[in-house]
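*Asks:* Sending over a structure as structure tokens; questions will come in a sec.
The values are calculated or read from the model by the stated rules, or taken from the named source; none is laboratory data. Because the structure is predicted, anything quoted here is derived from the model rather than measured. Note that we place each Cβ from the backbone using ideal geometry, even for glycine, and neighbour counts take in every protein chain shown. Each accessible area value is taken on the protein alone, full model and side chains, heavy atoms only, with ligands, DNA and RNA left out. Shrake-Rupley method; radii C 1.70, N 1.55, O 1.52, S 1.80 Å.
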Amino acid sequence: MEARAYLKYARISPRKVQIVLDLIRGKQVGLAGAILKHTPKSASQPLFKLLKSAEANAEHNHQMDPERLYVAQCFVTPGPTLKRMRPVSKGRGFRILKRTSHVTIVLKEREED
């Protein structure tokens, strides 16, 4: 049994999100939340909210024990890229790529030892 939560069209680059996701993969939910709260990255706040959403899904939709939850999977895929132009010298335009991300977090229960 697993619980999922998705964050779609987040206005942050997938490379920046991946750095933070690598910190919490495989960790207990409480520890992962503490890591996200104290990590000074721009992706930490939306990922913390996503983790809390996945935890609530597990508890309310699947009747899973919140004390035994851990981050089984977490990954990011690139979303659509917004293309903007920035004026530069001699009447030219420089393209700016504003990247978006789709993030997925999967929580599972640890088995009793």
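*Asks:* Of everything in region 1-28, what is open to solvent by 40 Å² or more (accessible area, probe 1.4 Å) and in contact with a Ser or Thr (Cβ under 8 Å, 6 or more places away or on another chain)? Give them in sequence order.
*Replies:* ARG4, TYR6, LEU7, TYR9, ARG11, LYS16, LEU23, listed by residue number.
*Asks:* Follow-up. Please go through region 71-85 and give me each residue that is open to solvent by 50 Å² or more (accessible area, probe 1.4 Å) and touching a Lys or Arg at 6+ places or on another chain (Cβ under 8 Å), ordered by number. Lay out the reasoning, then the answer.
*Replies:* From region 71-85, those open to solvent by 50 Å² or more (accessible area, probe 1.4 Å) are 73, 75, 77-78, 80, 82-85; that's our starting set.
Those that are open to solvent by 50 Å² or more (accessible area, probe 1.4 Å) and touching a Lys or Arg at 6+ places or on another chain (Cβ under 8 Å): GLN73, PRO78, LEU82, LYS83, ARG84, MET85.
*Asks:* Identify all residues within region 65-96 that are farther than 21 Å from LEU21 by Cβ, touching a strand residue (DSSP E or B) at 6+ places or on another chain (Cβ under 8 Å) and of a type outside the set (D, E, K, R); write none if there are none.
*Replies:* If the condition is that a residue be farther than 21 Å from LEU21 by Cβ, touching a strand residue (DSSP E or B) at 6+ places or on another chain (Cβ under 8 Å) and of a type outside the set (D, E, K, R), then LEU82, MET85, PRO87, VAL88, GLY93, PHE94, ILE96 are the ones that fit.
*Asks:* Look through ILE12, ILE35 and report the one residue that is among the β-branched types (Val, Ile, Thr) and closer than 19 Å to THR77 by Cβ.
*Replies:* Numbers: ILE35 fails: closer than 19 Å to THR77 by Cβ.
Just one listed residue meets the conditions, ILE12.
*Asks:* Identify, please: which residue in region 47-60 is among the small types (Gly, Ala, Ser) and surrounded by 17 or more Cβ atoms within 10 Å (Cβ to Cβ) and is, among those, farthest from the chain's Cα centre (by Cα)? Even if it seems obvious, please write down each step before you answer.
*Replies:* The initial filter retains those residues of region 47-60 that are among the small types (Gly, Ala, Ser), namely 53-54, 56, 58.
The next check asks that each one be surrounded by 17 or more Cβ atoms within 10 Å (Cβ to Cβ); those that pass are 54, 58.
On the way: ALA54: 11, ALA58: 17 Å.
The selected residue is ALA58.
*Asks:* Shifting gears a bit: Is there a residue in region 37-49 that is in contact (Cβ under 8 Å) with a residue 60 or more places away in the chain and farther than 12 Å from ILE105 by Cα?
*Replies:* Of region 37-49, the ones in contact (Cβ under 8 Å) with a residue 60 or more places away in the chain are none.
No, region 37-49 has no match at all.
*Asks:* State all residues of region 90-112 that are more than 22 Å from VAL71 (Cβ to Cβ), under 27 Å from the mean Cα position of the chain (by Cα) and surrounded by 10 or more Cβ atoms within 10 Å (Cβ to Cβ); if no residue qualifies, say none.
*Replies:* Scanning region 90-112 gives ILE96, LYS98, ARG99, THR100.
*Asks:* Further question: Condition first: part of a helix (DSSP H, G or I) and either within 13 Å of the chain's Cα centre (by Cα) or at pLDDT below 95 (or both). Now tell me which residues in region 61-89 satisfy that.
*Replies:* Across region 61-89, the qualifying residues are ASN61, PRO66, GLU67, ARG68.
*Asks:* Could I ask something else about it? Report whether or not SER44 is crowded, with 16+ Cβ neighbours inside 10 Å and in contact with a Gly (Cβ under 6 Å, 6 or more places away or on another chain). Before you say what the answer is, go through the steps one by one.
*Replies:* Details: crowded, with 16+ Cβ neighbours inside 10 Å: yes; in contact with a Gly (Cβ under 6 Å, 6 or more places away or on another chain): no.
Answer is no for this residue.
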